[in-house]
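Peer 1: Would you mind keeping the following structure in view while I ask a few things?
The values are calculated or read from the model by the stated rules, or taken from the named source; none is laboratory data. Remember, it's a predicted structure, so these values are computed and weren't measured experimentally. Here the Cβ positions follow ideal geometry from the backbone for every residue, glycine too, while neighbour counts run over all protein chains shown. Ligands, DNA and RNA are stripped out before the accessible areas are found, and what is left, the full protein with its side chains, is counted by its heavy atoms. Shrake-Rupley method; radii C 1.70, N 1.55, O 1.52, S 1.80 Å.
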Amino acid sequence: MYMKKIMKTFGAFLFLLTLSGMWACKDTWVMYDTDQKNRLYFYHKNLPIDSTILVNEVSFAFVTDETLNHRIEIRLMGLPADYDRQFEIQVLHDDTPQLDYGDVIRDVVDGVEGEDFEVLSTVVPAGSVVGYIDLKINRTAKMLDKAVSIPIVVKETDEFMAQPNNMCKVIVTDGEPACPDWWKVEWQGVVYNWYMYLGDYSAAKYRKLLELYHGIEDTNPVLFEDLVNTYGLYFDNEEAELTLGFFSKRTPTVWAKYVLIPLYEYWKENYPDAERGPGYTDKSVNALTGGWRNPIRLYR
């Protein structure tokens, strides 16, 4: 009985101690929240927010449009408000001399506001902790052989401040599209613009692949919306982490049915001698010898 009494007394003491701690934490949180401005920051799931340089790539290589709208998501470290809140941004100088796109090296030049781009809006909507920077990107001649860079940071105002060392850099290009990393394979120390279920890279083949991909919108719009949300309209979702053969790892039947098999059959019919080595085949192939393996085996 004596031990039970001690335990009850000790339990009551712990409860009071915890309760007082909760009130102390609550008071501390309220003081912290009122003393500091809300912060805005660019987010990437694999990078700490205090050292993030988020890179968004925009390309005119696959479109005929003279302008493209580009939206950048930004996040709020603080509480939402019951009204839309505007914030300000600043475009900096990019001191990166060149960018290496594998088989293409481009000089980097600063984007000029009013010429290469326009800022349409910067807002955190009411009731949200996610805001947006909407840009209009204008097609200009320099983008054909240079990389136009638009490095953006949040500008401090009476209401918002920026997270230190946090930036979003928009890189804009035009002209022939370079081979994407997920099409390349390293073999015996050499990087080849090749992959077994796609064969040798060419800009024309890449455009056809995108045409088939975008065609899913007509045949299966729900699936297309899901794929675009995951991978981006031009496989440009920075957080998708597109790796070699990504289409054979997630819902391979989808990619095989709508994109890979039609691409293989179209290329085989129209360009029968285009592929290296064994050409179009049902057997195993590799980067050194070349060849395009029939993606029908992914359809299951």
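Peer 1: In whole percent, and with a 1.4 Å probe on the protein chains, what portion of the accessible area of the chain is carbon and sulfur?
Peer 2: Carbon with sulfur: 55 percent of the solvent-accessible area.
Peer 1: Of all the stretches in the chain, which is the longest one without any exposed loop site, taking GluC sites (Glu not before Pro) in a DSSP loop (any state but H, G, I, E, B) with at most 15 other Cβ atoms within 10 Å?
Peer 2: The longest such stretch corresponds to 160-237.
Peer 1: For Rg and Dmax of the Cα atoms in Å, one of (i) 26.1, 93; (ii) 20.1, 63; (iii) 20.0, 58 was computed from the structure I shared and the rest are decoys. Which label?
Peer 2: Checking each listed value against the structure points to (i).
Peer 1: Same structure, new question: Mind checking which of S59, Q98, A81 is farthest towards the positive end of the stretch 57-122's charge dipole, using Cβ charges of +1 (Lys, Arg) and -1 (Asp, Glu) about the Cα centre?
Peer 2: Checking the options against the dipole of the stretch 57-122, the answer is A81.
Peer 1: I would also like to ask the following. Stretched out fully, how many nm does the piece from E66 to D107 gain, at 0.36 nm a residue minus the Cα gap?
Peer 2: Residue separation times 0.36 nm, minus the Cα-Cα distance, leaves 12.6 nm.
Peer 1: Connecting C-alpha atoms closer than 10 Å in a GNM of the chain, tell me which of K146, K249, K45 has the biggest fluctuation.
Peer 2: Its mean-square fluctuation being the largest, the pick is K45.
Peer 1: Along the Cα→Cβ direction, 7 angstrom out, place labels at F246 and A126. What is the inter-label distance in nm?
Peer 2: If labels sit at F246 and A126, their model points lie 3.7 nm apart.
Peer 1: Rounded to the nearest whole Å², what accessible area per residue is found for the chain with the 1.4 Å probe?
Peer 2: 57 Å²
Peer 1: Further, regarding this structure: Kindly flag which residue pairs out of K146/K208; K136/K184; K205/K257 have an alpha-carbon separation exceeding 29 Å in this structure.
Peer 2: Those over the limit are K136/K184.
Peer 1: Given charges of +1 on the Cβ of Lys and Arg and -1 on the Cβ of Asp and Glu, with all other atoms neutral, how large is the dipole of the chain about its Cα centre, in debye to the nearest 20?
Peer 2: With Lys and Arg at +1 and Asp and Glu at -1, about 1860 debye.
Peer 1: Next up: If you average the sequence gap of Cα pairs under 8 Å that are 6 or more apart and divide by the length of the chain, what percent do you get for the contact order?
Peer 2: With pairs under 8 Å counted, the relative contact order is 17 percent.
Peer 1: Quote to one decimal, in nm, the extra length available between L144 and V222 on full extension: 0.36 nm per residue of separation minus the C-alpha distance between them.
Peer 2: Full-extension gain reported as 24.6 nm.
Peer 1: Pop a pseudo-label 7 angstrom from the Cα along the beta-carbon direction at both I53 and R276 and give the gap in nm to one decimal.
Peer 2: Once both label points are built, they end up 3.3 nm from each other.
Peer 1: Multiply the residue separation of N46 and E269 by 0.36 nm, subtract the distance between their alpha-carbon atoms, and state the gained length in nm to one decimal.
Peer 2: Result for the pair: 76.0 nm of gain on full extension.
Peer 1: Sticking with this one: Can you pull the accessible area of H44 for me, 1.4 Å probe, Å² to the nearest 10?
Peer 2: Surface open to solvent at H44 totals about 20 Å².
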